[in-house]
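Below: one structure, written as structure tokens.
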């Protein structure tokens with residue numbers, strides 16, 4: 001039986017202590033190196049020894065061989081232990097790194113979730129703010145619609161403006177009276193609708209023209225006057241739509257006024273007043289035809305009998321002269337002249353005589369008749 005020299009059990013370290021195991025392994029390696037570095041002692045020369053001595057030498061040699069084998073086995077065992085410990089340490093480090101990575105990822109996820117929540121909250125707040133603005137705008141819009149629209153003075157909404165209410169010009173072309181009556185009605189239309197903007201007037205006028213020649217003029221030249229005044233456009237319109245010296249033609253008609261037998265005085269006077277208004281349209285103050293001048297021309301065209309009545313009542317001598325009272329009194333004289341000149345014959349009944357006298361007269365007449373018959 002081979003006896004092995006083992007290390008004292010008291011000097012062994014627990015296997016579960018990695019540092020102790022490493023230190024023990026290092027110490028053994030150092031001892032082995034030290035043994036290998038010392039030269040082997042020479043064997044003593046053969047001598048005659050006793051058998052016990054030889055047996056003792058053999059036992060010591062086998063013991064050293066066993067020690068070397070045990071050292072190799074321990075070294076391998078320690079290496080395997082080191083590998084296991086290293087693998088365990090690497091795995092633990094990997095687990096710690098993974099745990100740290102998981103914690104970092106979880107923290108990033110929480111931050112991302114918080115950012116999403118913050119963004120959602122901000123977006124929700126923005127939507128709510130937008131809805132409040134829209135509701136406020138709708139409320140204000142409804143209030144504005146409920147209130148009457150106050151447009152800029154003179155400026156109108158052409159899309160909502162009804163041009164069908166205005167007078168329409170249908171011609172004939174270059175006929176003075178019809179054109180002047182139309183343009184006079186247009187200006188009254190603008191005044192009643194409170195239209196003072198020149199561009200609006202020009203645009204609206206285009207919808208009131210039905211005569212072909214005037215439509216062509218408007219299509220070619222109206223756009224050039226949208227930045228100019230209404231008076232400039234009207235002057236150009238008059239030059240195109242009216243004959244040359246149209247005012248002189250009206251003046252001639254006024255001078256040649258004559259009352260026809262079928263006319264009443266009021267119809268005749270109205271015709272004269274219309275010519276006066278046409279003549280005075282856009283005329284300067286100095287060139288206008290006054291009421292007294294018109295009344296004189298009116299009187300010149302009256303029948304002689306009516307002229308005599310007007311001169312008799314001195315209707316043209318009133319100062320200051322006003323055409324309205326003159327027209328009223330002249331019409332009264334005209335109506336008086338229209339009445340019959342011969343008064344109606346009134347039949348008068350003879351009062352009846354007393355009955356006795358009548359009987360006597362009757363009897364006398366009968367007697368006379370009888371006597372006349374006898375003589376014959």
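Cβ crowding within 10 Å, taken as a proxy for footprinting-reagent exposure, orders 82, 217 from fewest neighbours to most as 82, 217.
Each distinct pair of alpha carbons in region 163-244 adds a 1/r term; the inverse of their mean, the Kirkwood radius, is 12.8 Å. Using the number of other C-beta atoms within 10 angstrom as an exposure proxy, rank 156, 118, 209 with the fewest first. Least crowded to most crowded, the residues run 118, 156, 209. Of the residues 35, 237, 289, the one with the fewest other Cβ atoms within 10 Å heads the list, and the complete ranking is 35, 289, 237.
Output the relative contact order of region 163-244, whole-number percent, from Cα pairs under 8 angstrom with separation of 6+ residues.
40
Fully extending the segment from residue 215 to residue 163 would add 17.1 nm, taking 0.36 nm per residue of separation and subtracting the current Cα-Cα distance. Sort region 167-322 into rounded, prolate or oblate with this rule: let a ≥ b ≥ c be the square roots of the eigenvalues of the Cα gyration tensor; rounded if a/c is under 1.5, and if a/c is not under 1.5, prolate when a/b is larger than b/c, oblate otherwise. Prolate, because a/c is 1.5 or more and a/b exceeds b/c. Protection proxy ranking of 274-286, 323-335, by the mean of other Cβ atoms within 10 Å over each peptide's residues and highest first, is 323-335, 274-286.
No value in this document is a laboratory result; all are computed from the given coordinates. Small disclaimer: the values here were computed from a predicted structure and weren't measured. Using ideal geometry, Cβ is built from the backbone for each residue, glycine included, and neighbour counts are taken over all protein chains shown.
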